[in-house]
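Worksheet: the structure to be examined is printed underneath.
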Amino acid sequence: MKLNFMKPRVSPVLPEERPVVESEPVAELAAVRSEKPEKRGAGSSVYDTIVRVVLIAAAALVPLFYLPWTSGVLDYNKQALLLVLVSVGLVSWLLGVVIRGTLTVRSSPLDKGVLAFLGAMIVATIFSLTPAKSLFGFSASVSSSLLSFIALALFYFLAVNTLHDGGRMLRTALLVSGVVALIAGVCQMFGWYILPGSFTHARGFTPLGSLNVVGVFAAILLPLFARTGMRAAGRVIGSLAILGIALSILVLGILNWWVLWTVALVGMLATIAFDSLNAAQLAQDYGGRKRRFVLSRFIVPVIVLVVGAFLLLVRFSVPQLKSAFPVEVAPSYQLSFGIATSVIKERLIFGWGPENFSLTFDRFGAGKIASSELSSIRFFDATSELFNVIVHGGLLAVLALGVMIWGLFQLLRQFGGMLSVATARSGATEATGVFASLIAAIAAFLLYPFPLPLWMVTVALLVLAGLAVSGTKSTSFDIEDRPIVSLSASLGFIVGLIVVLSGLYLTTVRYLADARYAHARALSSNEEVMNALVRAMNLNSTNDEYLRSASQTALALLRTEAAKRDADANRAQRVQNLISSSIQLAQRAATVQPLESMNWSNLGDVYQSLTGLVENVEQLAEDAFRKAGELRPGDPLFDNRVGQMWLTRADLVRSLANQSNAPTASRLEKEWDASLANAESAFKRAIEKSGSYGLAIYNLGAVYDRQGKVNEAIAQLEKIVPYNPNESTLIFELGLLYIRAGQKDDAYIAMQRAVLVAPNFANARWYYALLLEDRGAIDDALAQLREIQKANPDNEVLATKIAQLETGQRAIPPGKVIDTQPLR
């Protein structure tokens with residue numbers, strides 16, 4: 001039914017009998033507020049239709065879209081789809097402007113905020129420490145790249161200026177897409193794999209991203225579902241919204257994480273606040289009678305508030321279900337805040353550039369978790385998208401957010417004024433859902449990092465909120481009145497077309513390169529892998545991930561070639577070529593992205609792998625590892641790798657010394673001592689950074705063992721055995737050290753414990769039996785030896801020992817346990 005606002009109202013029926021007026025709130029309000037109706041000529045209607053179709057498609061498909069043939073199956077493909085759709089939309093809109101001869105602009109209080117944020121990201125990318133990465137993103141993360149922000153900004157402005165139905169179709173697309181995404185997420189949670197592709201058969205996979213992303217998505221859209229379900233009850237869209245409510249509450253209840261409930265509760269409180277304002281206005285004098293204050297509109301918000309508070313208080317959980325969910329690990333809020341603060345102190349104005357949080361984490365955060373079990377982990381996002389923005393854009397991005405917040409404040413103030421207009425109140429229900437969901441999205445922005453689907457939903461809500469307030473109010477410019485304006489418009493169209501085509505070309509090339517890289521990762525033959533990687537690098541030679549993978553593949557080919565024993569005159573040349581290729585590829589990766597610690601660590605790995613093949617390569621490896629350590633200070637991993645390299649070198653030198661003549665052996669002995677000293681220093685540096693880094697402690701003990709410092713070696717292993725009570729090999733090695741030190745009682749306890757932990761550990765049981773023999777417990781020793789014999793019936797050494805003990809011939813004493821060789 002259409003309301004005629006030009007005629008006076010007739011006396012209404014009694015309040016309790018008055019039917020609800022079915023109106024289209026946003027469009028009706030827009031008709032009232034419009035100062036000038038928009039003129040859309042027939043020539044431009046086709047292009048306008050194309051724009052609207054691609055915008056609706058983007059809103060509906062981006063949250064759901066994924067493809068299997070790239071290294072990042074989710075956001076990488078979502079970004080490509082969004083770029084293609086908005087590019088088509090932009091070109092169509094430009095064609096429409098040129099053909100129509102007029103430029104019609106619809107303004108919103110949010111426009112300046114969107115432009116300010118996009119401008120801040122452009123400047124941050126220009127001054128980024130890694131400009132290419134900030135522009136395009138990388139396979140692990142593209143949601144905060146400049147390309148993604150450009151696409152989202154284009155979506156916003158195209159939608160605000162071309163959607164003439166008050167956002168009705170966009171809202172419907174968002175609701176349908178949201179319900180489908182939640183259905184897919186719930187099915188994945190329960191192990192009902194309905195999504196195409198075998199790689200989707202995992203409970204942690206959803207089209208939106210992780211399960212927590214599904215929860216945030218549900219919490220943001222819950223107010224929109226609630227208002228639409230109430231407004232359109234009995235219709236298809238209303239039934240769909242009610243299903244969305246049920247699915248959202250189910251997802252929130254299963255995950256039951258305080259962040260998700262906080263976002264949902266903020267949205268519900270906003271819904272109550274807006275509905276209270278709307279209901280209070282409707283309850284005022286209305287045609288001479290009082291309208292009843294309807295409490296039923298608060299049913300869904302109250303239910304969500306009560307259920308959320310209850311589940312959090314009782315810590316509700318379904319262990320049988322949640323035990324199958326993958327664990328999502330993220331830096332703490334305190335750590336994320338510390339990283340953001342450090343970035344502001346170092347690069348106040350521009351930050352480090354979009355998509356560079358991983359670099360800032362290496363620089364400022366890795367040392368904070370050096371003593372934890374996550375010491376070697378890398379994070380690509382902060383715990384909050386706000387901290388991501390600060391890291392990526394510095395003070396400039398913070399100021400842009402301030403402009404956005406001011407625009408939101410103005411928008412909310414205008415929306416409040418809209419509720420006070422008598423002609424608009426009855427149609428404000430759905431608009432309250434949009435604004436409440438937008439406030440929930442702001443809460444999520446403060447508490448959780450945003451992948452591309454959450455950015456898409458948030459921008460769509462900004463569009464709907466802007467349309468709810470601005471309606472069809474617009475300003476038109478006749479570009480044909482003045483030649484200079486017409487020429488500028490034509491040039492603008494040409495430039496816009498060139499930019500779009502260039503962007504699509506670069507995106508397509510990078511996409512094809514990544515598809516080839518993903519194909520290479522799926523291959524098993526190293527030759528095939530290298531050929532696929534070469535094809536990927538031919539398309540994108542600046543991707544350090546491709547270069548790192550190629551260098552490691554070249555090393556694998558080198559090992560295979562070196563292991564061959566057949567006569568081949570060309571093998572030496574192939575080996576030399578592979579050595580050169582592996583080094584050059586690793587060096588190229590470090591040159592392309594010199595601030596990426598993984599590139600220097602990879603270069604160190606390559607050099608380390610060439611120990612024994614290339615002279616003096618150890619110092620090159622140490623320099624590379626030290627450079628990685630400078631980029632990731634506080635991480636003990638790189639010092640440990642240096643120590644392992646020198647320890648390996650020491651073992652190689654000792655082996656050569658044992659096979660050399662006296663003068664050469666003497667020189668090699670000195671080199672052996674120097675290598676062990678270098679290893680000792682490196683392991684000590686690693687332990688200084690993390691006193692609980694067990695691997696470095698163990699390796700330091702190995703160095704002391706080789707140096708003959710048995711007591712020092714024992715001291716190192718005694719530090720880590722209590723934290724590894726089920727590591728039978730570690731306990732066994734400590735027992736051997738006790739034997740070498742003459743600590744027989746400690747050795748006996750250690751070997752007994754190793755046997756208890758691993759009953760099938762033959763050598764642990766063998767030395768345990770020898771220690772029992774040394775104690776005179778012959779029967780117990782025989783029992784241990786017979787246990788070993790069950791699994792090793794043909795071992796002659798074992799059979800001889802058993803026969804000796806059965807006849808009463810003891811070898812220990814007078815022999816010593818330490819002089820007995822382990823079983824073969």
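The values are calculated or read from the model by the stated rules, or taken from the named source; none is laboratory data. Keep in mind the model is a prediction, meaning the values are calculated, not measured. Cβ atoms come from the backbone with ideal geometry, glycine included; neighbour counts cover every protein chain shown. Note: areas computed on protein heavy atoms with side chains; ligands, DNA, RNA excluded. Shrake-Rupley method; radii C 1.70, N 1.55, O 1.52, S 1.80 Å.
Residues are listed down the side, and each one gets a yes or a no for (1) part of a helix (DSSP H, G or I); (2) open to solvent by 80 Å² or more (accessible area, probe 1.4 Å); (3) at pLDDT 90 or above:
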site	(1), (2), (3)
G708	no, no, yes
A713	yes, no, yes
E718	yes, yes, yes
T729	yes, no, yes
E733	yes, no, yes
L737	yes, no, yes
Y748	yes, no, yes
Practice task
Starting from segment 364-378, take each residue that is closer than 9 Å to G634 by Cα and list its partners that are open to solvent by less than 30 Å² (accessible area, probe 1.4 Å) and at pLDDT below 80, counting only C-beta distances under 9 angstrom and pairs at least six apart or across chains.
Solution key: A366/S375; I369/S375
Exercise for the section: Could you run through segment 601-623 and say how many residues are farther than 14 Å from S551 by Cβ and assigned to a loop (DSSP other than H, G, I, E, B)? Expected result: 4
Problem - Scope segment 359-379; condition more than 16 Å from Y333 (Cβ to Cβ), crowded, with 17+ Cβ neighbours inside 10 Å and among the hydrophobic types (A, V, I, L, M, F, W, C); matching residues - result: L359, A366, A370
Handout entry: Boolean, L82 is of a type in the set (A, V, I, L, M), open to solvent by less than 20 Å² (accessible area, probe 1.4 Å), under 42 Å from the mean Cα position of the chain (by Cα) and at pLDDT 90 or above
Key = yes
Exercise for the section: Please go through segment 59-79 and pick out each residue that is of a type in the set (G, A, S), open to solvent by 20 Å² or more (accessible area, probe 1.4 Å) and in a helix (DSSP H, G or I). Expected result: A60
Practice task
Would you mind stating whether I390 is under 24 Å from W258 (Cβ atoms), over 16 Å from the mean Cα position of the chain (by Cα) and open to solvent by less than 10 Å² (accessible area, probe 1.4 Å)?
Solution key: no
Completion exercise
If we ask which residues in segment 511-527 are closer than 14 Å to Q552 by Cβ and among the aromatic types (F, W, Y), their number turns out to be 1
Exercise for the section: Taking only segment 599-638 into account, find how many residues are surrounded by fewer than 18 Cβ atoms within 10 Å (Cβ to Cβ) and not small (G, A, S). Expected result: 11
Problem - Complete set of residues in segment 364-399 that are in contact with a Leu (Cβ under 7 Å, 6 or more places away or on another chain) and either in a helix (DSSP H, G or I) or not polar (S, T, N, Q) (or both) - result: G365, K368, L386, V389, G394, L395
Practice task
Assess whether Q809 counts as being open to solvent by 80 Å² or more (accessible area, probe 1.4 Å) and under 23 Å from I731 (Cβ atoms).
Solution key: no
Problem - Any chance S198 is within 22 Å of L321 (Cα to Cα) and surrounded by fewer than 16 Cβ atoms within 10 Å (Cβ to Cβ) - result: yes
Practice task
Inspect segment 401-412 for any residue being touching a residue at least 40 places away in the same chain (Cβ under 8 Å), open to solvent by less than 40 Å² (accessible area, probe 1.4 Å) and in a loop (DSSP other than H, G, I, E, B) and give the result as yes or no.
Solution key: no
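For (1) free of Cβ contacts under 8 Å to residues at least 40 places away in the same chain; (2) open to solvent by less than 10 Å² (accessible area, probe 1.4 Å); (3) in a loop (DSSP other than H, G, I, E, B), each residue gets a yes or a no:
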{"site": "D165", "(1), (2), (3)": "no, no, yes"}
{"site": "R171", "(1), (2), (3)": "no, no, no"}
{"site": "V180", "(1), (2), (3)": "no, no, no"}
{"site": "G215", "(1), (2), (3)": "no, yes, no"}
{"site": "A219", "(1), (2), (3)": "no, yes, no"}
{"site": "M230", "(1), (2), (3)": "no, no, no"}
Exercise for the section: Could you figure out which of (1) modelled with pLDDT under 90; (2) in a helix (DSSP H, G or I) isn't true of L823? Expected result: (2)
Completion exercise
Checked against (1) in contact with a helix residue (DSSP H, G or I) (Cβ under 6 Å, 6 or more places away or on another chain); (2) open to solvent by less than 50 Å² (accessible area, probe 1.4 Å), A799 satisfies every condition except (1)
Exercise for the section: Output the qualifying pairs, or none if there are none: Cβ atoms under 7 angstrom, residues six or more apart or on different chains, first residue in segment 572-596 and open to solvent by 80 Å² or more (accessible area, probe 1.4 Å), second residue at pLDDT 95 or above and in a helix (DSSP H, G or I). Expected result: R588/L547
Completion exercise
Checked segment 94-121 for anything modelled with pLDDT of 90 or more and part of a helix (DSSP H, G or I); matches are D111, K112, G113, V114, L115, A116, F117, L118, G119, A120, M121
Problem - Pick from segment 639-693, criterion outside any helix (DSSP H, G or I) and touching a residue at least 24 places away in the same chain (Cβ under 8 Å), ranking: least open to solvent (accessible area, probe 1.4 Å) - result: S690
Practice task
Search segment 349-363 for residues being in contact with a helix residue (DSSP H, G or I) (Cβ under 6 Å, 6 or more places away or on another chain) and part of a loop (DSSP other than H, G, I, E, B), and hand back the single one that is nearest to P451 (Cα to Cα).
Solution key: E355
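For (1) open to solvent by less than 30 Å² (accessible area, probe 1.4 Å); (2) more than 17 Å from T360 (Cα to Cα); (3) among the basic types (K, R), each residue gets a yes or a no:
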{"site": "G113", "(1), (2), (3)": "yes, yes, no"}
{"site": "V123", "(1), (2), (3)": "no, yes, no"}
{"site": "I126", "(1), (2), (3)": "no, yes, no"}
{"site": "P131", "(1), (2), (3)": "no, no, no"}
{"site": "F138", "(1), (2), (3)": "no, no, no"}
{"site": "S141", "(1), (2), (3)": "yes, no, no"}
{"site": "L146", "(1), (2), (3)": "yes, yes, no"}
Exercise for the section: Could you give me the residue pairs with C-beta distances under 8 Å whose first residue belongs to segment 533-561 and is without any contact (Cβ under 8 Å) to a residue 40 or more places away in the chain, whose second residue is among the charged types (D, E, K, R) and open to solvent by less than 10 Å² (accessible area, probe 1.4 Å) wherever it lies, and which are 6+ apart or on separate chains? Expected result: A536/D514; N540/D514
Problem - Qualifying positions in segment 526-538 - farther than 21 Å from V575 by Cα and open to solvent by less than 60 Å² (accessible area, probe 1.4 Å) - result: A536, M537
